[in-house]
1. Which helices, counted as full DSSP H runs in the chain, have an axial Cα extent of no less than 15 Å and a Kyte-Doolittle average of 1.0 or above?
2. Quantify, in whole percent, the carbon and sulfur part of the accessible surface of region 3-334 (1.4 Å probe; protein heavy atoms only).
3. Compute the accessible area per residue over the chain, keeping the other protein chains in place, probe 1.4 Å, unit Å².
4. Just the number, please: Stokes-Einstein D of region 255-335 in µm²/s, Kirkwood Rh from C-alpha pairs, 37 °C, 0.692 mPa s.
5. Equivalent ellipsoid semi-axes for region 231-296, as square roots of 5 times the alpha carbon gyration tensor eigenvalues: give them largest first, rounded to whole Å.
6. Would you mind computing Rg(Cα) / (2.2 N^0.38 Å) for region 138-179, counting N as its residues?
7. For region 181-226, what are Rg and Dmax over the alpha carbons, in angstrom?
8. Could you sort 197, 287 by their accessible area in this structure, using a 1.4 Å probe and putting the largest first?
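The values are calculated or read from the model by the stated rules, or taken from the named source; none is laboratory data. No experiment lies behind these values; they were computed from the predicted model shown. Every residue, glycine among them, receives a Cβ derived from its backbone with ideal geometry; neighbour counts consider all protein chains shown. For the accessible areas, the whole protein counts, side chains as well, though only heavy atoms, and no ligand, DNA or RNA atoms are used. Shrake-Rupley method; radii C 1.70, N 1.55, O 1.52, S 1.80 Å.
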Amino acid sequence: MPQADRLRRRRLSLLLALTALCGMLAGLVAGSDGWSWRALSDADAATIVAQIRAPRTLGAWLTGALLGLAGAVAQGLFRNPLADPYLLGSAAGAALAVVLVLAAGVLAGHGIGLATAGLLARIGLVAAAFLGALIGVLLTLALARGAEQTARLLLAGVVVGVVLGAVSDLVTSVAPDALRGKQIFLLGTTGYLGWGSAAVLGAGLALLLPPALRLARALDALTLGEDSARTMGLPLGRVRMVLVGVVALATGLAVSQSGLVAFVGLAAPHLVRRFAPSAHGFNLAASTAMGGTLLLASDVLARTLIAPQELPVGVLTAVLGGGYLLWLLHARSRV
């Protein structure tokens, strides 16, 4: 490996570590009243930090890390820099499941009381979003007849996304009161992350990152083409299924806790390749850290830009990530 490439990776790793630490500290002192360092020393404010800000900050980083990992795997699997974690129908499946739970709560509320129905809806949203994301991916795999052909898998994901999105719109037309909850889910939010959410997200990341790293060499082989990968003895069908499973589970966990956070999974691998191009082993790990850093920074900004009000974090990630990608396209068009 050239010395210059090693130096770039070390610099990027150090930058990501320092940025994450600064973001964690900022997350502890950023609240509805703006920046307050008193929260780190005041006994009363310490409870808010320990029970609200700390788990939210950690959960935001873990959510972004899962999306960054899923995005890097998806782009390597499909050999397409525009691939993102929601490409296989997971976003549409999660949104439809959330809408169904919200609509059921609204309709049932007329019989069991609105407060009870709302409580049941909140309890079921996390599980519904996770299962909905997995079902969306399973439908894509069934329509594509497995993961053997990349082009068919991509097309199946588009079809499933459109169909499930149409069904979601149909449900909201029957139960329009569920539309507001759907909008909140689609915009993405980190405001409901607690220690339980952080534990689930952390366990998921610890479970999914090792197999993704073990298959990094398989992703490197796929960059040479499917024929070349087969000549190396790579079982493409099995490898693709495992990688699709990693994307589906990572995306399902992220959206179940924070809704549809846009552009993090798409932009994180791009940033890593721009500052430290490398094989997939480093790319996957660095994209994971980059995704966590991006969402953590967006979460802190969402809390403080118009405090005491709060912006949907998904709006900020869409603006920042979309703006970066537009600038990147413009810069490349001038080359």
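1. The answer, listed by residue number, is 54-78, 90-112, 114-144, 150-174, 195-214, 236-258, 313-333.
2. 68 percent
3. Per-residue value: 47 Å².
4. Translational diffusion coefficient: 241 µm²/s.
5. 23, 19, 8
6. Expressed relative to 2.2 N^0.38 Å, the Cα Rg reads 1.47.
7. Taking only Cα atoms of region 181-226, I get Rg and Dmax of 16.8, 45 Å.
8. Order by accessible area, largest first: 197, 287.
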